[in-house]
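What follows is a set of notes on a single structure, which appears directly below.
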Amino acid sequence: MTVTLTEAAARHVSRYIARRGKGVGVRLGVKTTGCSGLAYTLEYADALAPEDVVFEDHGVKLMVDPKSMAYIDGTELDFVREGLNEGFRFNNPNERDRCGCGESFRV
């Protein structure tokens with residue numbers, strides 16, 4: 001089981017945590033919602049939770065709750081800029097379908 005970050009995502013997270021002045025990394029998970037059933041959740045974490053599965057890539061910690069691991073195992077978190085837009089992109093090999101608006105997915 002693994003979840004990784006690209007260098008671009010790690011740089012973005014590191015800069016943001018430095019600006020905030022606190023934090024240990026990012027917490028990635030999934031929740032039930034949307035047209036296709038699941039949506040990614042991503043938040044900056046100030047502390048590790050006892051149940052967190054912790055990965056470290058490019059010096060950045062990525063925490064995942066055990067229930068989400070089945071859906072996001074093998075996912076690469078990237079940070080991309082396209083024109084005036086920028087944001088995180090989830091490259092998940094388990095995705096079988098994504099809704100038209102891009103907010104939810106199905107495995």
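None of the figures in this text is laboratory data; all of them are computed from the coordinates on show. Treat the numbers as computed from the prediction; the structure is a model and nothing was measured. As a convention, Cβ positions derive from the backbone with ideal geometry for all residues, glycine included, and neighbour counts pool all protein chains shown.
Maximal additional length on extending the Met1-Ala39 stretch stands at 11.7 nm, based on 0.36 nm per residue less the C-alpha distance.
Principal-axis analysis of the Cα atoms of the chain puts helix 7-20 at an angle of about 60° to the longest axis. Let a ≥ b ≥ c be the square roots of the eigenvalues of the Cα gyration tensor of the chain; is it rounded (a/c under 1.5), or, if not, prolate (a/b larger than b/c) or oblate? Oblate is the answer for the chain, as a/c is 1.5 or above yet b/c matches or exceeds a/b. Rounded to the nearest whole Hz, the Karplus-based 3J(HN,Hα) values (6.51 cos²θ - 1.76 cosθ + 1.60, θ = phi - 60°) of segment 70-80 follow the sequence 4, 8, 10, 4, x, 6, 10, 8, 10, 10, 10, with x at glycine and proline. Amide H contacts for Gly23 (H built 1.01 Å from N in the peptide plane; partners 5 or more residues away or on another chain; cut-off under 5 Å): none found. Tally Lys and Arg at +1 and Asp and Glu at -1 over the other residues with C-beta under 10 Å from the C-beta of Val80: what net charge comes out? That works out to -1. Counting charges near Gly21 (Lys, Arg +1; Asp, Glu -1) among other residues having Cβ under 14 Å from its Cβ returns a value of +3. Amide H contacts under 5 Å for Thr75: Thr4, restricted to partners 5 or more places along the chain or on a different chain, H placed in the peptide plane at 1.01 Å from N. Taking trypsin sites (Lys or Arg not before Pro) as exposed when their DSSP state is a loop state and no more than 14 other Cβ atoms lie within 10 Å, the longest site-free interval of the chain runs over 23-95. In this simple spin-label approximation, Val80 and Arg96 carry label points 7 Å from Cα along the Cα→Cβ vector, and these lie 2.4 nm apart.
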